[in-house]
Amino acid sequence: MIKTIGVIAGAAALAWASVSSAAEVELPGTLVVTAYDVGSSGYSQMVGLGSILKNNYGTNVRVLPGKNDVSRLGPVKAGRAHFTATGSDSVYGQEAVFTFGSREWGPQPLRIHALSLGKGAAVGMVTPGDKSIETIGDIRGKRVAWIRGAPALNKAVESMMACAGVTWDDVEKVEFGGHGPAVDGFINNEVDALNNSTFSALNKKIEASPRGIYYPVIPNDAECWKRINAIVPWYTPVFATLGTGIAEGGQWMPNAPYPVLVSLDNLDAKTSYSVVRAIQDHFDVFKDSAPGAPGWALKNQVFHRVVPYHEGAIQYYKEMGVWTDEQDAVQEAALARQGVLKQAWDGYVSDAPSDDDAFAKGWMKARAKALEDAGMPVIFYEW
């Protein structure tokens, strides 16, 4: 395994950089990656990545569809998958909050390899094409999809509703077992709103249905965004122009990197380096493989500031001159945060209450105290 970049000898580093691209990319015969359901943008992009790796390096990529955040991260945690094409749940998994704050989970030592930042695309609140929910405030009293085991999706919805001061108590929560079933539920008039990326292939299915598709505008307003970021701090306002259902000429909406290619910290560094390099070496083909795939461009690697990166990926970004000294400091802070969370978890579970509700509430307090004592932002105090 490649050791940490800082200890690579100069001669070895020079030799590493001088060999051909094909020699540098060394991958196992099979890679397993999880994503959302078949037809989702994340799934489609991972199939596109699989095509690149198979055609150029002979590596088979198995893409496992997952209905929710738990079913995507679960195989990675269990060692049955190398990567997951994830979203905000990469933060939730690291932080051990929401579903991941249960005794079965706890803080996960996650590492990012690459991310997709779709230019012109966004996170959207899918609503009927008749504009019965014309503004985000009109969602009050409507039926809204809530996905079991998917805090990333549910917090996305919650944040967008918060823009208008609407909470889950103000809508009719309709539970589904996965994102795909929620899309079907929308088409079958079982629900009036759900979260989806604007470039998701599933939006074509929604648009072609009798219900049609429309995205209420999320205004670029300071008070609106204060409420949004209180729930999802990493969302930023973008003027969205790409995607099925986007208003003609574009509209303001939230955005965040999606998918984010994530693994545990124990993934072989050579595999990390090779996958990241393969994406960029064959980007001219990869970008046309699926909707949203252009977002993986090297220029779009606006490095995450909460979850640390894998050492193999850092090796590549440093070679390309895009990883800065400032990002080294961000990386160290992210690693230190994971250390504080792990220490807090180990101390808490050693004498935690057996009742699940009491366990969760106790962990909320223990987690918050540990982060506060370390001078780190808590972000999530309760859930």
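The values are calculated or read from the model by the stated rules, or taken from the named source; none is laboratory data. Predicted, not measured: the structure shown is a model, and the values here were computed from it. With ideal geometry, Cβ positions are generated from the backbone for all residues, glycine too; neighbour counts draw on all protein chains shown.
Take the residues in the range 32-51 that are surrounded by 22 or more Cβ atoms within 10 Å (Cβ to Cβ) and among the hydrophobic types (A, V, I, L, M, F, W, C), then tell me which one is nearest to I279 (Cα to Cα). Filtering the range 32-51 for residues that are surrounded by 22 or more Cβ atoms within 10 Å (Cβ to Cβ) and among the hydrophobic types (A, V, I, L, M, F, W, C), the one nearest to I279 (Cα to Cα) comes out as L49. For first residues located in the range 91-105 and within 11 Å of F359 (Cα to Cα), partners that are aliphatic (A, V, I, L, M) and surrounded by fewer than 22 Cβ atoms within 10 Å (Cβ to Cβ) and lie 6+ apart or on another chain with Cβ distances below 6 Å form the pairs G101/A360.
Each row is one residue, and each column tells you yes or no for (1) modelled with pLDDT of 95 or more; (2) assigned to a helix (DSSP H, G or I); (3) at positive phi.
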{"position": "Q45", "(1), (2), (3)": "yes, yes, no"}
{"position": "G50", "(1), (2), (3)": "yes, yes, no"}
{"position": "K54", "(1), (2), (3)": "yes, yes, no"}
{"position": "R62", "(1), (2), (3)": "yes, no, no"}
{"position": "V70", "(1), (2), (3)": "no, yes, no"}
{"position": "G74", "(1), (2), (3)": "yes, yes, no"}
{"position": "G79", "(1), (2), (3)": "yes, no, yes"}
{"position": "T84", "(1), (2), (3)": "yes, no, no"}
{"position": "Q94", "(1), (2), (3)": "yes, yes, no"}
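For E95, indicate whether it is outside the structural domain of Y214 (by TED's automatic domain parsing), within 22 Å of K226 (Cβ to Cβ) and surrounded by 19 or more Cβ atoms within 10 Å (Cβ to Cβ). Yes: the conditions hold for E95.
Among residues of the range 51-78 that are more than 19 Å from F98 (Cβ to Cβ), those with a Cβ under 9 angstrom from a residue that is among the basic types (K, R), sequence gap 6+ or separate chain, pair up as N60/K54; V61/K54; L64/R72; L64/R80; P65/R72. Figure legend. Inter-residue proximity from the range 230-257: first residues within 23 Å of V166 (Cα to Cα) and part of a loop (DSSP other than H, G, I, E, B), second residues among the basic types (K, R) and at pLDDT below 90, beta-carbon distance below 9 Å, spacing 6+ or different chains. Indicated pairs: W234/R305.
For A290, the requirement of being within 23 Å of L27 (Cα to Cα), assigned to a loop (DSSP other than H, G, I, E, B) and small (G, A, S) is met. Look at (1) buried (at least 21 other Cβ atoms within 10 Å of the Cβ); (2) of a type in the set (G, A, S); (3) touching a Gly at 6+ places or on another chain (Cβ under 6 Å) and you find that A269 fails only one, number (1). Screening S209 against (1) buried (at least 16 other Cβ atoms within 10 Å of the Cβ); (2) closer than 21 Å to I136 by Cα; (3) of a type outside the set (D, E, K, R); (4) over 24 Å from the mean Cα position of the chain (by Cα) leaves a single unmet condition, (2).
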